[in-house]
Amino acid sequence: QKEVEQNSGPLSVPEGAIASLNCTYSDRGSQSFFWYRQYSGKSPELIMFIYSNGDKEDGRFTAQLNKASQYVSLLIRDSQPSDSATYLCAVNRGYSTLTFGKGTMLLVSP
Amino acid sequence: SQTIHQWPATLVQPVGSPLSLECTVEGTSNPNLYWYRQAAGRGLQLLFYSVGIGQISSEVPQNLSASRPQDRQFILSSKKLLLSDSGFYLCAWSVRVGLDNEQFFGPGTRLTVL
């Protein structure tokens, strides 16, 4: 069973802090990794994706990938209350499909 | 720019009734289309995907079916709903395959089966 694991949380951080969200995956053949944000009652929104080992930055967001450890993370710098949401990790497992984790709830307190 | 529509936004149906959910994409040609279900505590489950008109791949055997009658139209159906079919149904599209297979989601349909 190919799986994507995330801590369900909630992860609580104060406003202005760095939030670190983690994801592990079981399929060593996974090639690319996606982070989505989902507000309560809404559909997921794509934040960014990564497929090379190392870091990829986009504004306040940094994705980190370590294929040897089968680990991908998302760092959110200068966290804002508006960042409070569930963050979904997804893994590209083949031709055109993604496998999603169950998500981590992030709470940013003012 | 691309836009994805889903309707209805919410739906309450009795057990045993039929279902039809529709998804359309604007502003792109030959997209890959996907149906997901998100049930409480279970995460996003891929139900069907389609890489072209009339081409449907099923990920999970169940009482649901999908059809793609037009390039940018994707329909999810059931002849008889079960209580377990309740959930948040999401349609998504992508235009690339491989490493940068970004998928973009529609607003979703919240289905409650009573």
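Values in this text are rule-based calculations from the coordinates and carry no lab data. Treat the numbers as computed from the prediction; the structure is a model and nothing was measured. Here Cβ is always computed from backbone atoms with ideal geometry, including for glycine, and neighbour counts include all displayed protein chains.
Assorted remarks:
- Descending by average beta-carbon neighbour count within 10 Å, the peptides A:40-46, A:83-89 line up as A:83-89, A:40-46, the highest first.
- Ellipsoid equivalent to the range B:1-49 - semi-axes via the Cα gyration tensor, in Å: 23, 15, 10
- Rg/Rg_globular for chain A, with Rg_globular taken as 2.2 N^0.38 Å and Rg from C-alpha atoms: 1.01
- Within 10 Å of the Cβ of each residue in B:46-53, the mean number of Cβ atoms contributed by other protein chains is 1.
- Burial ordering of A:Val13, A:Val4, A:Val72, fewest other beta-carbon atoms within 10 Å first: A:Val13, A:Val4, A:Val72
- Among the residues of B:104-110, the average count of other protein chain beta-carbon atoms within 10 Å of the residue beta-carbon is 3.
- Over chain B: Kirkwood hydrodynamic radius from C-alpha pairwise inverse distances, Å: 14.2
- Among the trypsin sites (Lys or Arg not before Pro) found in the range B:48-107, those both in a DSSP coil and sparsely packed, with 15 or fewer other Cβ atoms within 10 Å of their Cβ, are B:Lys79, B:Lys80, B:Arg96.
- The slack between B:Val95 and B:Gln70, meaning 0.36 nm per residue of separation minus the straight C-alpha distance, is 7.4 nm.
- Whole-number percent relative contact order across chain B, with pairs defined as alpha carbons under 8 Å at least 6 apart: 35
- Lysine pairs with alpha-carbon atoms under 16 Å apart, the protein assembly as shown, spacing 8 or more or separate chains: 4
- Inter-label distance for B:Gln2 and A:Gln70, nm, one decimal - labels placed 7 Å from Cα along Cα-to-Cβ: 3.0
- Our summary of shape: the Cα atoms of the protein assembly as shown have principal axis extents of 49, 37, 35 Å, ordered from largest down, in whole angstrom.
- For A:Ala17, neighbours were defined as the other residues whose beta-carbon sits under 10 Å from its Cβ, and their charges (Lys and Arg +1, Asp and Glu -1) total -1.
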